[in-house]
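Please read the structure below before turning to the comments.
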């Protein structure tokens, strides 16, 4: 589904991603872990198309489409979804209106007519339940005055509504208490299918107890330095990142 | 002091009056006095604080014809507000056209051309009693030389069964200097909604209108008043609105300006001259290209226990300029005043300009007054957030401008006008 080859990206002339490779197949959940500053959020931003990041090399294909050639909106319409680490508050734009616009813009791109109001409301109801998202919040302005947990839940609600092929969760667990974490993870698990895929970016192993990944990758200095199964996450939890950093740094030195 | 002696329009007007073009009518003394005031003052210059950012020479250093010749056909579609059923009144080049207007049969509502209203009850009691006290040269000029306009009288205990829509059409073949004078009187216990639309027919000409409206709200009168400026580059406007309010009256004004007319100056003064008066001034200004839109407002609290609420939003595109000046007076007698003012600005055009000045002058000691002002740009993070959900950039911008305007548009008392304005915002954003 997603194929990233030798991806290099910088922000304000600082090289962050230095040749990243990743293959994600339909039905899989990949976790990306790594110490602070390793480039995890950069990867999410670059994939979603944030303009302040410059891609200096490599390629990214989503089901055969070259993502890097597409605008952020077209990436979303091709089925990419980024759950933001810091969802934006937009006073004056109602949550529901925003979702309706998004759903219909995506449908228009796929050559479909706007969704019938009844069907849309039905879906809203159903998905709200799925992520235990308060109906009152759905009618409010987008994220305005939401608590941290409500904002994250809103991201998952949007994810449920838009039904993307590939969802990237950028530190969705940060700022969540244990109950909110369980609700969010539960929502994601119900949305998992053989046709979609998830990339879960996180600092901590905690989230991965709820969203069990098929693969775990460790990002360090802009590259994936270790890949494994969920046991790798446990090992990191136990030992921290230092042992890994040391061994990677040693490898680098040896290569020189 | 005459500050604009070089102005060709000034000379033209001085000669006109001396020629006696006006003729003798019932207002002769009032007109003569007003003319002397104008002659003495001359047009203001940008050395005067109230005109500092609005360069009048753009519109005054030109020659105009003083008698308009209307285009053969009139297209009024632009002013149509979908869904809104109104009594339609049409003013062409400043002249009220009863032949194009609906005849209102409702008892208690009287409408006629102002030049035919001199004998009407209330006329002499109110005409030139408010706006002319302001030392405004444009008001004096209008009083001296206006030729037509609209007189609306709503008798005691009357609630209008439909809104009145006044369509001001600029349709001059040549560049015209037009002066419209309006007097709207709402007697005690009345209720009305007046929607004034400004449109201009496509034309090579470049007209200038100096309009003055006086509005009187007697005890317990309620007025919803909309200004919808949707003209084009063939017309420029200097509008003065003077509102005089008595006890328990409510005045709500919604002042909206969209891309089109190159030069728009609105002077809006509201005098709360009795206890328990409530006034709301809302404004949306969306500018484009090299348009200049200037809103100067005064909310004058003269008596105790009144409430005023003012919220203006400016959105500037391209190289346009928006000016906002909001003055609030709280006079010595106006204890327990509650006055609120807010002005938010969004600069979209990198070379667009906004001048804003909130001004509070408070002479009473037991009052609640607040004001705030912000200037910002498009929030790029918000834009990215919307785009990351599949919403196209253009649509995302429209959504964000709607969101910005929402604080004001949500206050609109009439949902048809609100939809219409939302659509004009959308259209106005697409111009660039």
Inset, instruction - With respect to residue B:198, determine if the residue is out of contact with any helix residue (DSSP H, G or I) (no Cβ under 7 Å at 6 or more places or on another chain), under 13 Å from residue B:235 (Cβ atoms), assigned to a strand (DSSP E or B) and modelled with pLDDT of 95 or more. - result: yes
Legend entry - Search result, residues across region A:213-244 that are surrounded by fewer than 14 Cβ atoms within 10 Å (Cβ to Cβ) and in a loop (DSSP other than H, G, I, E, B): A:229, A:240
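In region A:25-45, how many residues are closer than 22 Å to residue B:393 by Cβ and either more than 14 Å from every other protein chain (Cβ to nearest Cβ) or out of contact with any strand residue (DSSP E or B) (no Cβ under 9 Å at 6 or more places or on another chain) (or both)? Step through it out loud before you land on a result.
Our first condition is that a residue be closer than 22 Å to residue B:393 by Cβ; within region A:25-45, this holds for A:44-45.
Retained after the next criterion (residues that are either more than 14 Å from every other protein chain (Cβ to nearest Cβ) or out of contact with any strand residue (DSSP E or B) (no Cβ under 9 Å at 6 or more places or on another chain) (or both)): none.
Residues that pass the stated criteria total 0.
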Legend entry - region A:204-227: number of residues that are over 28 Å from residue A:11 (Cα atoms) and without any contact (Cβ under 8 Å) to a residue 24 or more places away in the chain: 1
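Taking the condition under 24 Å from residue A:34 (Cα atoms) and part of a loop (DSSP other than H, G, I, E, B), does residue A:174 pass?
The answer is yes for residue A:174.
Quick check on residue B:59: is it at pLDDT 95 or above, within 27 Å of residue B:263 (Cα to Cα) and surrounded by 15 or more Cβ atoms within 10 Å (Cβ to Cβ)?
No: the conditions fail for residue B:59.
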Legend entry - Evaluation of residue A:184 against (1) surrounded by fewer than 21 Cβ atoms within 10 Å (Cβ to Cβ); (2) touching a helix residue (DSSP H, G or I) at 6+ places or on another chain (Cβ under 6 Å); (3) not in a loop (DSSP other than H, G, I, E, B) (one fails), failing number: (1)
Legend entry - Test result for residue B:368, surrounded by fewer than 16 Cβ atoms within 10 Å (Cβ to Cβ), under 29 Å from residue B:301 (Cα atoms) and more than 21 Å from the chain's Cα centre (by Cα): yes
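Here's a check for you: in region A:158-184, which residue that is at positive phi and modelled with pLDDT of 90 or more is nearest to the chain's Cα centre (by Cα)? Spell out how you get there, then give the answer.
Quick first cut of region A:158-184, residues at positive phi only: A:163, A:171, A:175.
Next, from what is left, pick out any that are modelled with pLDDT of 90 or more: A:163, A:171.
Working: A:163: 13, A:171: 8 Å.
Filtering first and then ranking leaves A:171.
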Inset, instruction - Return only the number of the condition from (1) surrounded by 21 or more Cβ atoms within 10 Å (Cβ to Cβ); (2) closer than 16 Å to residue B:315 by Cα that residue B:398 does not satisfy. - result: (1)
Legend entry - Test result for residue A:183, more than 14 Å from chain B (Cβ to nearest Cβ) and farther than 28 Å from residue A:21 by Cα: yes
Inset, instruction - Mind checking which strands (runs of 3 or more DSSP E) fall wholly inside region B:238-349 and carry at least 2 residues that are closer than 29 Å to residue B:142 by Cα? - result: B:250-257, B:263-272, B:278-287, B:292-301, B:307-316, B:321-330
Inset, instruction - Please state which of the following conditions residue A:15 fails to meet, knowing it meets all the rest: (1) within 14 Å of another protein chain (Cβ to nearest Cβ); (2) more than 17 Å from the chain's Cα centre (by Cα). - result: (1)
Legend entry - Conditions (1) outside any strand (DSSP E or B); (2) more than 17 Å from the chain's Cα centre (by Cα): number failed by residue B:231: (2)
Inset, instruction - Could you check region A:46-157 for strands (runs of 3 or more DSSP E) lying wholly inside it with 2 or more residues that are within 11 Å of chain B (Cβ to nearest Cβ), buried (at least 16 other Cβ atoms within 10 Å of the Cβ) and at pLDDT 95 or above? - result: A:80-83
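Scan region B:303-316 residue by residue and report those that are under 30 Å from residue B:347 (Cα atoms) and surrounded by 23 or more Cβ atoms within 10 Å (Cβ to Cβ). Quick ask: steps written out before the conclusion?
Initially, region B:303-316 is screened for residues under 30 Å from residue B:347 (Cα atoms), giving B:308-316.
Answer for region B:303-316, where residues must be under 30 Å from residue B:347 (Cα atoms) and surrounded by 23 or more Cβ atoms within 10 Å (Cβ to Cβ): B:308, B:310, B:312, B:313, B:314, B:315, B:316.
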Inset, instruction - Taking residue A:167 as meeting all but one of (1) closer than 20 Å to residue A:42 by Cβ; (2) away from chain B (no Cβ under 14 Å); (3) crowded, with 17+ Cβ neighbours inside 10 Å, write down the number of the exception. - result: (2)
Inset, instruction - Tell me which of these residue B:388 doesn't satisfy, since it passes every other one: (1) under 27 Å from residue B:326 (Cβ atoms); (2) surrounded by 14 or more Cβ atoms within 10 Å (Cβ to Cβ); (3) touching a strand residue (DSSP E or B) at 6+ places or on another chain (Cβ under 7 Å). - result: (1)
Legend entry - Subset of region A:17-29 [touching a residue at least 24 places away in the same chain (Cβ under 8 Å) and surrounded by fewer than 22 Cβ atoms within 10 Å (Cβ to Cβ)]: A:18, A:19, A:21, A:22, A:24, A:25, A:26, A:27, A:28
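The values are calculated or read from the model by the stated rules, or taken from the named source; none is laboratory data. Keep in mind it's a predicted model, so treat the numbers as computed, not measured. Backbone-built Cβ (ideal geometry, glycine too); neighbour counts: all protein chains shown.
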